[in-house]
Each structure stands twice: as structure tokens, then as C-alpha cells.
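The values are calculated or read from the model by the stated rules, or taken from the named source; none is laboratory data. Predicted model only: the values in this text are computed from it and were never measured. Every residue, glycine as well, gets a Cβ built from its backbone with ideal geometry; the counts of neighbours run over all protein chains shown. When the accessible area is computed, the model is the full protein with side chains, heavy atoms only, and any ligands, DNA or RNA have been set aside. Shrake-Rupley method; radii C 1.70, N 1.55, O 1.52, S 1.80 Å.
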Amino acid sequence: MITKTDENPVLRVAPAAPAEAAAYFRASLAFHADVSDVAAALAAGGDPGFVVVDSRSAESWDQGHLPGAIHLPTALVPEQAERLLDKSVPVVTYCWGPGCNGATRAALALAERGYQVKEMLGGFEYWAREGLAYETWQGREQRAADSLTAPVEGECGC
């Protein structure tokens, strides 16, 4: 006899028990931050309590990066991290976007060297898509917010 869960690709593997799911998602939040939360913390003024690291190439950095970010390509973490970063200050890494794992690789390299680190989900792509200002080699720029990614004013988009 074929059951509904055998036919359903979502339920073929049963969901985790609620306590296991809560532990997993709690742990996930220790490793990740989203664009909106990073932007809100940076916009609040004063010291946000973390630094932002752009792990992309120089060409990508020049095309656009978060205001105040530190440029530290992943390959240069071993030789430059100690000169650019303070181990007592948490680091938030980002790369291009969801299709890129450069921020993950940079976060790993930093964690292996003793830094507290989170990865910014969505990367620069979603920063720009949410209509947030960024810097280029030519100066400050900002695009119109993409209605599919940016929250409606006064509402959480997720």
C-alpha cells in the first residue's frame, strides 16, 4: 500500500521533532544574519558591535560594496586578517549573493583563526535589491528596491 508520505517528496523524509527543529534553527541564527538585520544595525548609529567583511575580488568590490565594509578577499584571509580585524569584534562576511559560497569560505577561514563570525545571507546582491545604499569606485549609489525582496514600509518582508 502506498501512503501519502511515500508519494510526497516533501514528506518522504519526516520533519524533525519540534525540539530538534528548534535547536537546529537556533543554531542557524548563531551562524547567519540577513541583509535587513545588518542594515538596521548599521543604520542605528554608533558602534554596531561587529565589522562587515566583503570577501569578493577587487573588481567586484569596485562595482559595489557595503558602506564601511572591509575588503578582505577569502584567499587573503591567512595573511591579512590579523592586520585588518580585531579578534574581540565579531565579523559578518558577505560575497556576491545566494549563488556564491565565498562568504562561507571566508567565514570558515576566519573562524579557524579564532574570529567570531556570521555570514550575511543574500550577500551584496540582496543588499542592492533591497534598495540599500552602497559604495563603488565612483562614489555612493542606490537602486530602487526590488518589490520581491524589500519589505513594504512598516512590515517585515519575511
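May I ask you to compute the full-extension gain from F31 to R83, defined as 0.36 nm times their residue separation minus their alpha-carbon distance, rounded to one decimal in nm?
On the way: separation 52, 0.36 × 52 = 18.72 nm, distance 2.36 nm.
So the chain would gain 16.4 nm between F31 and R83.
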Practice task
Treating the angle as unsigned and between 0 and 90°, give the value, to the nearest 10°, between the Cα long axis of helix 18-31 and the longest Cα principal axis of the chain.
Solution key: 10 degrees
Problem - Calculated from backbone phi, Karplus (6.51, -1.76, 1.60) coupling profile of the stretch 90-100 in Hz, x at Gly/Pro - result: x, 10, 10, 9, 8, 10, 5, x, x, x, 10
Handout entry: Residue-by-residue Karplus 3J(HN,Hα) for the stretch 82-88, coefficients 6.51, -1.76, 1.60, Hz, glycine and proline x
Key = 5, 6, 9, 10, 9, 5, 7
Problem - Considering only the chain, percent of DSSP beta bridges that pair antiparallel, nearest 5 - result: 25 percent
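Give me Rg/Rg_expected for the chain, where Rg uses Cα atoms only and Rg_expected = 2.2 N^0.38 Å with N residues.
On the way: Rg = 18.3 Å, N = 158, 2.2 N^0.38 = 15.1 Å.
Ratio of Cα Rg to 2.2 N^0.38 Å: 1.22.
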Practice task
Per residue of the stretch 124-139, in order, report the coupling 6.51 cos²θ - 1.76 cosθ + 1.60 (Karplus, θ = phi - 60°) as ³J(HN,Hα) in whole Hz, putting x for Gly and Pro.
Solution key: 4, 3, 6, 4, 5, 5, 7, x, 8, 5, 9, 10, 10, 5, 9, x
Problem - Cα centroid of the stretch 5-79 to Cα centroid of the stretch 117-152, whole Å - result: 14 Å
Exercise for the section: On the full set of protein chains, 1.4 Å probe, figure out the accessible area of H71 and give it in Å² to the nearest 10. Expected result: 50 Å²
Handout entry: Carbon and sulfur %, accessible surface of the chain computed with the full protein complex present, 1.4 Å
Key = 57 percent
Handout entry: Per residue accessible area in Å² of the chain, where ligands, DNA and RNA are left out and the probe is 1.4 Å
Key = 63 Å²
Practice task
Just flag the GluC sites (Glu not before Pro) in the stretch 63-158 sitting in loop per DSSP whose Cβ has no more than 15 other Cβ atoms within 10 Å.
Solution key: E153, E155
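For the stretch 95-146, state which chymotrypsin sites (Phe, Trp or Tyr not before Pro) are in a DSSP loop and have at most 14 other beta carbons lying within 10 Å of their beta carbon. Before the final figure, lay out the partial values.
Values: sites: W96, Y115, F124, Y126, W127, Y134, W137; in loops: W96, Y115, W137.
Those that pass, being in a loop and sparsely packed, are W137.
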